[in-house]
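Participant: So that we are looking at the same thing, I have put the structure below in structure tokens.
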Amino acid sequence: MEGPEVPLEQSQEDMLHHAHAAQEKWIMGVALTAALLAVLAAITALMAEHHANEAMLDQIRSTDQWNYYQAKGIKASVLNTKAELLDVLGKPENKKDKGKLEAYGKEQEAIMEAANEMQQASAAHLRHHTILSRSVTFFQVGIAVGAIAVLTKRKQFWLVSVAFGVVGLALLLAGLVAG
């Protein structure tokens, strides 16, 4: 899975340009805030991407296990059919087949357990990914609002930018501990 890419480099360059040319000292704070938010967004995006990839791999592994489960079920069905045919024809059933049939059942239980564990792992990675992706979005919005603060020379927008950054940071922390 590839996450959405929002180009904010131009906004950051504009902020830095205005920060160097501006009389107000707070504008340099906006530029530094935007740089910090950009670093957090980049790190969080990498983590979100990692969890998306792991979710996909675990889901593929789970699907492989379910296919293996079905293969064992087909083998068991074939052996059952063979036993029924032998019974109808009045011929003795092979004792090895009975043992194989029991083994397939036990193997299916273990396979089902493994497949369910992999599905749960996939779901957990997906939860991490979702929360971290939201965090990236808040960081990016914080950067954009910071650019608006510099361009309009309104300090209140910087505070809104910081608020978006704080929410993004909270989501980042939640994404790290999400289970």
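The values are calculated or read from the model by the stated rules, or taken from the named source; none is laboratory data. Model, not experiment: these values are computed from the prediction. Cβ sites come from the backbone with ideal geometry, for glycine too, and all protein chains shown count toward neighbours. The protein model used for the area step is the full one, side chains on, heavy atoms only, and it has no ligands, DNA or RNA in it. Shrake-Rupley method; radii C 1.70, N 1.55, O 1.52, S 1.80 Å.
Participant: Of all residues in segment 51-80, count the ones that are among the charged types (D, E, K, R), open to solvent by 60 Å² or more (accessible area, probe 1.4 Å) and closer than 20 Å to residue 102 by Cβ.
Facilitator: Matching residues across segment 51-80 total 1.
Participant: If you go through segment 108-145, how many residues are more than 22 Å from residue 47 (Cβ to Cβ) and among the hydrophobic types (A, V, I, L, M, F, W, C)?
Facilitator: Qualifying residue count for the region: 6.
Participant: Just checking, how many residues over segment 153-179 are β-branched (Val, Ile, Thr) and open to solvent by less than 70 Å² (accessible area, probe 1.4 Å)?
Facilitator: Selection size over segment 153-179: 3.
Participant: If I filter segment 86-97 down to residues being assigned to a helix (DSSP H, G or I) and free of Cβ contacts under 8 Å to residues at least 12 places away in the same chain, which single residue comes out as surrounded by the most Cβ atoms within 10 Å (Cβ to Cβ)?
Facilitator: 86
This table checks each residue for (1) under 30 Å from residue 37 (Cα atoms); (2) open to solvent by less than 70 Å² (accessible area, probe 1.4 Å); (3) at pLDDT 95 or above.
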{"site": "84", "(1), (2), (3)": "no, no, no"}
{"site": "101", "(1), (2), (3)": "no, yes, no"}
{"site": "117", "(1), (2), (3)": "no, no, yes"}
{"site": "125", "(1), (2), (3)": "yes, yes, yes"}
{"site": "138", "(1), (2), (3)": "yes, yes, yes"}
